[in-house]
1. Against the definition (more than 20 Å from residue 1 (Cβ to Cβ), touching a Gly at 6+ places or on another chain (Cβ under 9 Å) and of a type in the set (D, E, K, R)), how does residue 107 come out, yes or no?
2. Between 91, 112, which is within 24 Å of residue 34 (Cβ to Cβ) and at pLDDT 95 or above?
3. Determine if the range 90-99 includes at least one residue that is aliphatic (A, V, I, L, M), in contact (Cβ under 8 Å) with a residue 40 or more places away in the chain and out of contact with any Pro (no Cβ under 6 Å at 6 or more places or on another chain).
4. Check residue 13 against each of (1) within 18 Å of residue 112 (Cβ to Cβ); (2) touching a Leu at 6+ places or on another chain (Cβ under 8 Å) and name the one condition it does not meet.
Amino acid sequence: MKKVHLWLGLLGILVFLATGGYMHIYHGHLREMPDRPRLLYRSAHIYTLLVSVINLSLGVYFRPSTTKLARYCQYLVSTLLMIIPILLVCGFFLEPPTGNLARPFVRTGIYGVFGVGILLVLQSVFERKK
């Protein structure tokens, strides 16, 4: 899993750079864009960086857990961190043109990041109970 997170993090950084280039080239760096879609593009762009850094961090510091419950938490964290970047990239391309602030893709991805944080705390608790 260590290598998976490291590669996902590196790929995510490339996607972050690519979405920045997309905004610059195709949308004039968002200069003349109305505030609502501009905010939606920029926030999804930054969230992509967020989840990429989380993946990179786990890629550097990951170590397999020794207890069953802690390993289960790690499995859930890894699964979420494989799904979240896809949600955020979909949100980047699909949600800003609509101007809808509901943002189902990005909202689900950010809730997923919150879930990752909770699961990492639980993993730590389960490791200490060993």
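The values are calculated or read from the model by the stated rules, or taken from the named source; none is laboratory data. All values derive from a computational prediction rather than experimental measurement. In this analysis, Cβ positions are derived from the backbone assuming ideal geometry, glycine residues included, and neighbour counts consider all displayed protein chains.
1. So residue 107 fits the description; yes.
2. Unique residue meeting the criteria: 91.
3. No, because not a single residue in the range 90-99 is aliphatic (A, V, I, L, M), in contact (Cβ under 8 Å) with a residue 40 or more places away in the chain and out of contact with any Pro (no Cβ under 6 Å at 6 or more places or on another chain).
4. (1)
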